[in-house]
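The values are calculated or read from the model by the stated rules, or taken from the named source; none is laboratory data. Predicted model only: the values in this text are computed from it and were never measured. Please note: Cβ atoms are built from the backbone with ideal geometry, for glycine as well, and neighbour counts cover all protein chains shown.
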Amino acid sequence: MAEKRVALVTGAGRGIGACIANTLAADGCDIAVVDYSDVSAAEETMRQLAEQGASARYYRCDVSDFSAVKAVTDAVVKDFGKIDILVNNAGVTADGLLLRMSEAEWDRVLSINLKGCFNLIKHVAPHMLRKRSGRIVSISSVVGLMGNAGQANYAASKAGIVGLTKSVAKELGSRNITANAVAPGFIRTAMTDALSEEQKQAMYKLIPLGSLGEVQDIANAVKFLVSEEARYITGVVLKVDGGMYI
Ligand code: NAD
């Protein structure tokens with residue numbers, strides 16, 4: 001039997017991250033769930049992972065905290081022996097028009113969404129470099145590619161992920177480590193449930209496929225990018241958005 005791969009998924013307590021963790025578990029991975037809420041918020045995810053026969057552990061950590069992320073990645077390597085796959089999924093919004101956006105709202109979104117990815121890649125990459133293989137996928141957003149009024153902080157953080165991903169792909173490619181981004185469009189989750197009906201109707205008009213995406217659509221893209229079939233793909237931004245941004 002092939003050795004199980006180990007995937008570290010941030011923000012896997014719920015939403016898209018939970019679905020990614022479950023999909024990778026079903027594909028034969030063991031899972032390190034990294035999230036900043038209490039483990040009780042991730043109870044359902046942990047139960048589902050166990051049901052699939054995955055060895056799964058929960059690590060409470062704020063991805064924007066550089067030294068906490070170092071401690072967690074070291075703990076994951078100690079507990080599981082390695083990290084084959086890193087999925088940077090943790091993300092937040094703090095929407096508002098630029099003129100009303102506070103410095104704190106800008107800083108918070110940038111430090112969780114973008115610095116969080118840097119922190120994880122920075123501390124996971126040395127382990128991947130040692131074994132000369134690895135897969136990194138970071139969750140961006142179509143908003144990072146097209147911009148969005150009211151989301152200057154969020155769009156900047158998600159555009160930053162694109163530049164980070166492409167640079168990491170160039171730096172680590174020679175060691176058989178790929179780095180790619182997935183850019184979801186409008187996906188049905190707690191984050192999008194929070195939007196007003198008016199905002200949702202405006203978004204539908206922009207989607208050629210005419211409906212919201214599901215969390216599974218994003219998880220399927222991640223599963224592909226970390227698979228052997230995607231071994232020659234690095235530095236791409238895979239849009240999963242029903243054609244919202246073409
Ligand atoms: P969500 O709010 O349902 O889940 C986010 C998870 O990240 C939560 O479990 C939360 O506890 C965790 N998290 C937040 N801040 C954290 C931190 N500092 N440290 C560790 N964990 C933290 O969101 P979601 O809709 O599942 O989104 C997941 C990712 O997909 C995000 O990066 C988001 O920006 C991106 N995305 C979502 C959509 C969408 O339509 N839902 C579209 C494009 C991109």
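Looking across region 186-221 at every residue that is at pLDDT 90 or above, assigned to a helix (DSSP H, G or I) and small (G, A, S), the one that is farthest from the chain's Cα centre (by Cα) is identified as A221.
One line per residue, one yes/no per condition, for (1) closer than 27 Å to V6 by Cα; (2) hydrophobic (A, V, I, L, M, F, W, C); (3) touching a residue at least 60 places away in the same chain (Cβ under 8 Å):
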| position | (1), (2), (3) |
| --- | --- |
| V182 | yes, yes, no |
| T189 | yes, no, yes |
| L195 | no, yes, no |
| N220 | yes, no, yes |
| V226 | yes, yes, yes |
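For region 142-160, residues that are within 12 Å of the ligand (Cβ to nearest atom), surrounded by fewer than 18 Cβ atoms within 10 Å (Cβ to Cβ) and in a loop (DSSP other than H, G, I, E, B) total 1.
Scanning region 192-226 for residues being within 15 Å of I139 (Cβ to Cβ), among the hydrophobic types (A, V, I, L, M, F, W, C) and buried (at least 16 other Cβ atoms within 10 Å of the Cβ) gives a total of 7. Of all the residues in region 1-21, those that are within 12 Å of the ligand (Cβ to nearest atom) and either in a loop (DSSP other than H, G, I, E, B) or more than 21 Å from C61 (Cα to Cα) (or both) number 4.
Within region 22-38, the set of residues being within 11 Å of the ligand (Cβ to nearest atom) and either farther than 22 Å from V92 by Cβ or touching a helix residue (DSSP H, G or I) at 6+ places or on another chain (Cβ under 9 Å) (or both) comprises V33, V34, D35, Y36. When G81, G91 are screened for being of a type outside the set (A, V, I, L, M), surrounded by 24 or more Cβ atoms within 10 Å (Cβ to Cβ) and under 20 Å from T10 (Cα atoms), only G91 passes. Of all residues in region 170-185, those satisfying the criterion of being within 18 Å of H123 (Cα to Cα) and either near the ligand (Cβ under 9 Å from one of its atoms) or more than 16 Å from the chain's Cα centre (by Cα) (or both) are K170, E171, L172, G173, R175, N176, I177. Please determine, by comparing only the residues of region 94-107 that are farther than 28 Å from I136 by Cα and of a type in the set (A, V, I, L, M, F, W, C), which one is surrounded by the fewest Cβ atoms within 10 Å (Cβ to Cβ). So, considering only residues that are farther than 28 Å from I136 by Cα and of a type in the set (A, V, I, L, M, F, W, C), the one surrounded by the fewest Cβ atoms within 10 Å (Cβ to Cβ) is L99. When G173, G163 are checked against the criterion of being surrounded by fewer than 16 Cβ atoms within 10 Å (Cβ to Cβ) and within 21 Å of G116 (Cα to Cα), G163 stands alone in meeting it.
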